[in-house]
Amino acid sequence: MKRLLLTGFEPFLDFPINPTTSIAQTLNGRQINGYEVTGEVLTVDFSKSGEQLIELMKQHKPDAVISLGLAAGRNCITPERIAINCNDGPVDNEGHKPDGEPIFSDGPDGYFSTLPIKQIVARLKEEKLPAKISNTAGAYLCNNVMYHGLHYAKQHGLNILSGFIHMPASHALAVEKSMPSWSEEDLQKAIIIAIETLP
Ligand code: PCA
């Protein structure tokens, strides 16, 4: 059985719910498409989140890593194409606010996702779930974690699939704040389909 590390994030900024938390928790332990899923929830902390992902990769030795994050305001599932070597954006949960610094001073400018992002989008659309590739994961924690996973795999010559999928808000979140939203069932279904698309 192959191993998949699936991460979600805790709530952050003024979003009281992060729908990716429960997806990672619910799919933890499931077997999907020949992958045993380990679901874990990461903090939203520039000084810790990337290291947390790397520790989990060392511990579980996954064949594939899919990290999930909330992109409040997006209306569809968006596999990210690229992670950039930059920390910026709003304050994290520990009060840090970077100002455009590199994540790794000796790291390359960017890494492309090694997930089959085109196939994931195509499969989601076949299942009538709106999806499209995103060309920017921003410069906040989602980009940071995606960059860490790809950088670690590259540095260690690991031939693994690794990348990030941003998700719209759940209805529960949209009740609090007006924004496009999906049911939790459809959000979870989308991630199961993404896992089923992995080779
Ligand atoms: N979304 C944020 C960080 C945590 C999350 O779920 C982001 O898009 O960077």
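Structural remarks
- Segment 21-28 - phi-based ³J(HN,Hα) in whole Hz, Karplus 6.51/-1.76/1.60, Gly and Pro as x: 4, 6, 5, 4, 5, 5, 8, 4
- Its Cα gyration tensor gives segment 49-127 an equivalent ellipsoid. The semi-axes, each the square root of 5 times an eigenvalue, are 25, 18, 14 Å from largest down.
- Using θ = phi - 60° and Karplus 6.51 cos²θ - 1.76 cosθ + 1.60, couplings along segment 111-123 (whole Hz; Gly, Pro as x): 9, 7, 4, 9, 6, x, 5, 5, 5, 4, 4, 4, 5
- Additional length obtainable on full extension of the chain from LYS128 to ASP88, 0.36 nm per residue less Cα span: 11.0 nm
- Globularity index of the chain, i.e. its alpha-carbon radius of gyration over 2.2 N^0.38 Å: 0.94
- For segment 116-180: rounded, prolate or oblate by the Cα gyration tensor [a/c cutoff 1.5]: oblate
- Karplus-derived HN-Hα couplings along segment 44-55 (A = 6.51, B = -1.76, C = 1.60, θ = phi - 60°), whole Hz, x at Gly and Pro: 10, 8, 4, 8, 10, 4, x, 5, 4, 4, 5, 4
- Cα centroid separation - segment 7-44 against segment 47-75, whole Å: 9
- Accessible area per residue in Å² at 1.4 Å probe, computed on segment 1-53: 41
- Just checking the listed ones, ASN75, ASN159, ASN18: in the Gaussian network model of the chain with Cα springs under 10 Å, the one fluctuating most is ASN159.
- For the chain, the number of Lys pairs separated by eight or more positions or lying on different chains, with C-alpha atoms closer than 24 Å, is 21.
- With every protein chain in place, the chain: carbon and sulfur % of accessible area (1.4 Å): 49
- In segment 84-146, GluC sites (Glu not before Pro) in a DSSP loop with at most 14 other beta-carbon atoms within 10 Å: GLU94, GLU127
- Looking at segment 67-199, the accessible area is 46 square angstrom per residue; that uses a 1.4 Å probe and ignores ligands, DNA and RNA.
- Expressed as a fraction of 2.2 N^0.38 Å, the value expected for a compact globular protein of N residues, the C-alpha radius of gyration of segment 152-199 is 1.60.
- Cα centroids of segment 79-115 and segment 134-199: 15 Å apart.
The values are calculated or read from the model by the stated rules, or taken from the named source; none is laboratory data. This is a predicted model, so every value here is computed, not measured. Backbone-built Cβ (ideal geometry, glycine too); neighbour counts: all protein chains shown. Heavy atoms of the whole protein, side chains included, go into the accessibility calculation; ligands, DNA and RNA do not. Shrake-Rupley method; radii C 1.70, N 1.55, O 1.52, S 1.80 Å.
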